[in-house]
Amino acid sequence: MKFELEYAYWASVAGGLLKPKVPVIQYVPRHRQLPSRTLPVVSAWKGIESILADILERFQIGTERCLEFGVEFGYSTVALSSYFDSVTGVDLFYGDKHTTDKRDLFHETSSQLSAYENIKLVRSDYRDWIRKDDGPYDMIHVDIVHTYADTFACGLWSAMHSKCTLFHDTESFPAVKLAVKEISRQTGKKFYNFEESNGLAILV
Ligand SMILES: C[S@@+](CC[C@H](N)C(=O)[O-])C[C@H]1O[C@@H](n2cnc3c(N)ncnc32)[C@H](O)[C@@H]1O
């Protein structure tokens with residue numbers, strides 16, 4: 001678990017003491033199923049791919065449009081592309097303070113994913129992207145730098161522009177879990193948490 005000195009995180013911890021508690025519902029998959037596509041690359045996301053079908057069925061999510069913030073080598077992008085007509089992956093492709101590989105990955109990842117015609121990759125900061133996109137999406141996956149401020153800003157927009165929003169790393173980064181709690185509070189959406197594979201929030 002990674003705690004950091006981030007003002008927005010500790011301000012939210014303090015502010016949360018005075019607000020009603022947000023229930024976090026444990027997500028227990030009814031079945032697991034490997035998607036038709038998986039990519040043989042390193043990823044902390046491994047394991048999540050086997051519950052995507054369960055999430056889509058359980059919450060009756062459409063399968064037309066999916067948006068992802070945080071692609072890196074494309075593991076989650078390819079898994080998601082097994083289920084959606086189109087997946088747009090938005091990433092700076094320079095890594096961030098929480099990733100180990102800080103190389104420019106745009107060409108390498110684009111080339112690896114070029115075989116999948118329903119995936120479109122865009123090099124962009126999420127802040128620029130959300131200024132010009134009106135959505136809506138069936139699902140948005142948020143897996144960018146794991147600060148409270150960025151997860152909250154990107155996640156609140158995502159929750160308002162999708163039926164179902166996923167957030168990776170709720171168990172390994174307390175800042176991600178706290179940001180999702182605050183988004184759940186502000187949007188009235190339910191917060192389910194899958195505890196395996198570093199944690200996945202499902203906001204519906
Ligand atoms: C944890 S990795 C994504 C892992 C990926 N989802 C997987 O399946 O393994 C986080 C990614 O977020 C990207 N990122 C960080 N801050 C960003 C920002 N402000 N806008 C867009 N992408 C960002 C980084 O470049 C990095 O590739």
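The values are calculated or read from the model by the stated rules, or taken from the named source; none is laboratory data. Only a predicted model underlies this, so the values are computations on that prediction, with no experimental measurement involved. Here the Cβ is made from the backbone with ideal geometry for all residues, glycine too, and neighbour counts use every protein chain on show.
Laid out as a table, the results:
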read-out	value
Residue list for the range 6-40, restricted to those being more than 19 Å from the chain's Cα centre (by Cα) and not in a loop (DSSP other than H, G, I, E, B)	Tyr7, Ala8, Trp10, Ala11, Ser12, Val13, Ala14, Gly15, Gly16
Asp169 being within 12 Å of the ligand (Cβ to nearest atom) and closer than 23 Å to Val28 by Cα	yes
Some residue of the range 47-68 being part of a strand (DSSP E or B), under 15 Å from the mean Cα position of the chain (by Cα), away from the ligand (no atom under 15 Å from the Cβ) and modelled with pLDDT of 95 or more	yes
Hits in the range 69-96 - residues which are over 16 Å from Val42 (Cβ atoms) and more than 7 Å from the ligand (Cβ to nearest atom)	Leu80, Ser81, Ser82, Tyr83, Phe84, Asp85, Ser86, Val87, Thr88, Gly89
Filtered residue count, the range 1-43, keeping only those that are in contact (Cβ under 8 Å) with a residue 60 or more places away in the chain, surrounded by 15 or more Cβ atoms within 10 Å (Cβ to Cβ), closer than 28 Å to Val87 by Cβ and not aliphatic (A, V, I, L, M)	3
Residue within the range 102-123 that is outside any loop (DSSP other than H, G, I, E, B) and near the ligand (Cβ under 8 Å from one of its atoms) present	no
Verdict on Lys46 being within 21 Å of Asp169 (Cβ to Cβ), touching a residue at least 60 places away in the same chain (Cβ under 8 Å) and among the basic types (Lys, Arg)	yes
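One line per residue, one yes/no per condition, for (1) modelled with pLDDT of 95 or more; (2) assigned to a strand (DSSP E or B); (3) over 11 Å from the mean Cα position of the chain (by Cα); (4) within 16 Å of the ligand (Cβ to nearest atom):
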site	(1), (2), (3), (4)
Met139	yes, yes, no, yes
Ile144	yes, no, no, yes
Asp150	yes, no, yes, yes
Ser158	yes, no, no, yes
